[in-house]
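A.B. asks: What follows is a structure written as C-alpha cells; I'll ask about it next.
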Amino acid sequence: MSEVLVLIDAVDGKVSKPSLELLTIARAIGAPSAVVFGDADTATLSGYGAEKIYTYADQAFQDFLVAPKAEALAALIAEKSPAAVLVPSSAEGKEIAARAALKSGSGLITDAVEVAVDGGNITTTQSVFAGSYTVAAKVTKGAPVIAVKPNSVAPVEAAGAGAVEAVSFEVSDAAKGAKIVTSEPKAASGRPELAEAAIVVSGGRGTGGDFSEVEGLADALGAAVGASRAAVDSGWISHTFQVGQTGKTVSPQLYIAAGISGAIQHRAGMQTSKTIVAINKDEEAPLFELVDFGVVGDLKTVLPQATVEINKRKG
Ligand SMILES: Cc1cc2nc3c(=O)[nH]c(=O)nc-3n(C[C@H](O)[C@H](O)[C@H](O)COP(=O)(O)OP(=O)(O)OC[C@H]3O[C@@H](n4cnc5c(N)ncnc54)[C@H](O)[C@@H]3O)c2cc1C
C-alpha cells in the first residue's frame, strides 16, 4: 500500500483529535506514516493506524516558526514520494502545507472536508463560498498536499505497526528567520477547542450580552462556546470565540446557534456542520433556511429548559 504522510499536531505529547482524524482518513487511502516534530505519544499514533512514525528531535522545530517544519516535510516528500500528505487545516498546518507543497513542486488543496480514492486518483471535496458550492478537486502535479478540516471524519482506532524512525535533519539558516520569543499556554477553560469541538453552542446579539445560558448548555453537552461577530463587536465575548468569515471556521457534528440571525458571513464559518439547530424568536430569521431543527422562541427560556433536560437524561 502506498505511504501517506500525516503531519501530527501534539501538545505536551498529547496527540490532537484532528491528527487522529487524519490518520483515520490516511488508512482509507493508503498506509499512514505519522510525521512528528518534537514529542507525540507513539502508542496513540500506532493505536490509530500509524505504520511508521518519523520523529524529528531538533530544537529548531520548537524555537522557530513554521519554516523548519515545512523544509523537513518537503525533504521527506522528496525522499518517500508518498501517495499523499495530510495536514490539519489549522493556521499553522496550512502554512506548513503551502510552503512544503511549493518546495516539492506539488499541488495543494486546503480546507478539504472529504478525501477519497477514485480510480487510483486521490480526490477531495471542499465547501466554498460560504458553503453555497461543493467543489471536487484533485492534485495533478506531485504528491498531493491536502489540508483537512477538523471533524471531517470521526477518529477510529485500528492498530498499526507504529515503527519509530528517528530522522536527523539539519535545518537551514534560511529557515530560521522567525524565532519564537515567548509562548504562553492559554488558560484552560475546561471546554474543548472551538475549531476542533464535536459540538458548538454559539450565541449572538440575541443573548443581550449574557452568555450564561449559552455556556450552561455548552457545559451540559461538553461543547465549545462560539459567538457571532455582533456579540464580539459588542465586547460581550473575546474575538477568539467568533465563528464566521472573519472568525473561526467550525464543522462540528452539532452546531447550535442561539440568537443569531444567520448572516452570510456567519454561515461561512459554520455551514458545513453536520447538524444545525437554531433558536431564534423571529421565525423569519435567515438561519432557519439552513437548519436541521429550528426552535422559534426566546433563548432565555429555551436554553435553560434544554440544559435541565439534558442534565436530567445524563443523569
Ligand atoms: C466583512 C464582514 C465580515 C464579517 N464577518 C463575520 C463573522 O466572521 N462572523 C459573524 O458572525 N458575522 C460577521 N459579520 C457580521 C454579519 O454580517 C452580521 O452582522 C452578524 O453575523 C450578526 O450577528 P447576530 O446574528 O448575532 O446579530 P443580528 O443579526 O442582530 O441577529 C440577532 C438575532 O437574535 C434574535 N434574537 C433577539 N433576541 C432573542 C432572544 N431573546 N431569543 C432568541 N432570539 C433572539 C433576533 O431575532 C435576530 O435574528 C461580518 C460582516 C462583514 C461586513
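A.B. asks: Looking at (1) open to solvent by less than 20 Å² (accessible area, probe 1.4 Å); (2) closer than 17 Å to residue 81 by Cβ; (3) aliphatic (A, V, I, L, M), which one does residue 1 not meet, given that it meets all the others?
C.D. replies: (1)
A.B. asks: Which of the following residues is without any contact (Cβ under 8 Å) to a residue 12 or more places away in the chain and either open to solvent by 40 Å² or more (accessible area, probe 1.4 Å) or on the phi > 0 side of the Ramachandran plot (or both): 193, 184?
C.D. replies: On the way: 193 fails: without any contact (Cβ under 8 Å) to a residue 12 or more places away in the chain.
When all the criteria are applied, what remains is 184.
A.B. asks: Can you name the condition, by its number, that residue 155 falls short on among (1) part of a loop (DSSP other than H, G, I, E, B); (2) exposed (fewer than 14 other Cβ atoms within 10 Å of the Cβ); (3) in contact with a Lys or Arg (Cβ under 7 Å, 6 or more places away or on another chain)?
C.D. replies: (2)
A.B. asks: Considering each residue of the range 197-213, count those that are assigned to a strand (DSSP E or B) and more than 8 Å from the ligand (Cβ to nearest atom), and give that number.
C.D. replies: First, pick out the residues of the range 197-213 that are assigned to a strand (DSSP E or B): 199-203.
Filter once more, so that each one left must be more than 8 Å from the ligand (Cβ to nearest atom): 199-202.
Count: 4.
A.B. asks: Then there's this: Filter the range 30-62 down to residues that are of a type in the set (S, T, N, Q) and outside any strand (DSSP E or B) and give me whichever is most open to solvent (accessible area, probe 1.4 Å).
C.D. replies: The residue in question is 59.
A.B. asks: What are the residues in the range 221-232 that are open to solvent by less than 10 Å² (accessible area, probe 1.4 Å) and more than 8 Å from the ligand (Cβ to nearest atom), if any?
C.D. replies: Selection gives 223, 224, 225, 226.
A.B. asks: Can you list residue pairs whose Cβ atoms sit under 9 Å apart, with the first residue in the range 286-306 being more than 9 Å from the ligand (Cβ to nearest atom) and of a type in the set (Asp, Glu) and the second being open to solvent by less than 50 Å² (accessible area, probe 1.4 Å) and at pLDDT 95 or above? Count only pairs 6 or more apart in sequence or on different chains.
C.D. replies: 289/262; 292/275; 292/276; 292/277
A.B. asks: Can I ask one more? Could you tell me which residue of the range 274-286 is most open to solvent (accessible area, probe 1.4 Å), considering only residues that are at pLDDT 95 or above and over 11 Å from residue 256 (Cβ atoms)?
C.D. replies: Step one: of the range 274-286, the residues at pLDDT 95 or above are 275-286.
Imposing the further condition that a residue be over 11 Å from residue 256 (Cβ atoms) reduces the set to 280-286.
Values: 280: 22, 281: 161, 282: 72, 283: 126, 284: 136, 285: 7, 286: 53 Å².
The extreme case among them is 281.
A.B. asks: Out of the residues in the range 233-273 meeting the condition of being surrounded by fewer than 17 Cβ atoms within 10 Å (Cβ to Cβ) and without any contact (Cβ under 8 Å) to a residue 40 or more places away in the chain, tell me which one is nearest to the ligand (Cβ to nearest atom).
C.D. replies: 246
A.B. asks: State all residues of the range 233-253 that are more than 26 Å from residue 152 (Cβ to Cβ) and not polar (S, T, N, Q); if no residue qualifies, say none.
C.D. replies: Correct list: 233, 235, 236, 237.
A.B. asks: Out of 104, 189, I need the residue that is in contact with a helix residue (DSSP H, G or I) (Cβ under 6 Å, 6 or more places away or on another chain) and hydroxyl-bearing (Ser, Thr, Tyr). Which one?
C.D. replies: It is 104.
A.B. asks: A further question follows. Would you mind finding the one in 272, 301, 249, 240 that is farther than 15 Å from residue 194 by Cα and of a type in the set (Val, Ile, Thr)?
C.D. replies: Testing whether each residue is farther than 15 Å from residue 194 by Cα and of a type in the set (Val, Ile, Thr) leaves just 301.
A.B. asks: Which strands (runs of 3 or more DSSP E) does the range 63-146 wholly contain that include 3 or more residues that are open to solvent by less than 10 Å² (accessible area, probe 1.4 Å)?
C.D. replies: 84-88
A.B. asks: Could I ask something else about it? Run down 157, 196 and say which single residue is under 21 Å from residue 278 (Cα atoms), under 19 Å from the mean Cα position of the chain (by Cα) and of a type in the set (D, E, K, R).
C.D. replies: Checking each option against the conditions leaves just 196.
The values are calculated or read from the model by the stated rules, or taken from the named source; none is laboratory data. Every value quoted in this text rests on a predicted model; they were computed, and no experiment measured them. Counting neighbours? That spans all protein chains shown, and the Cβs are built from the backbone with ideal geometry, glycine included. We work out accessible area using only protein heavy atoms, side chains counted, and drop any ligands, DNA or RNA first. Shrake-Rupley method; radii C 1.70, N 1.55, O 1.52, S 1.80 Å.
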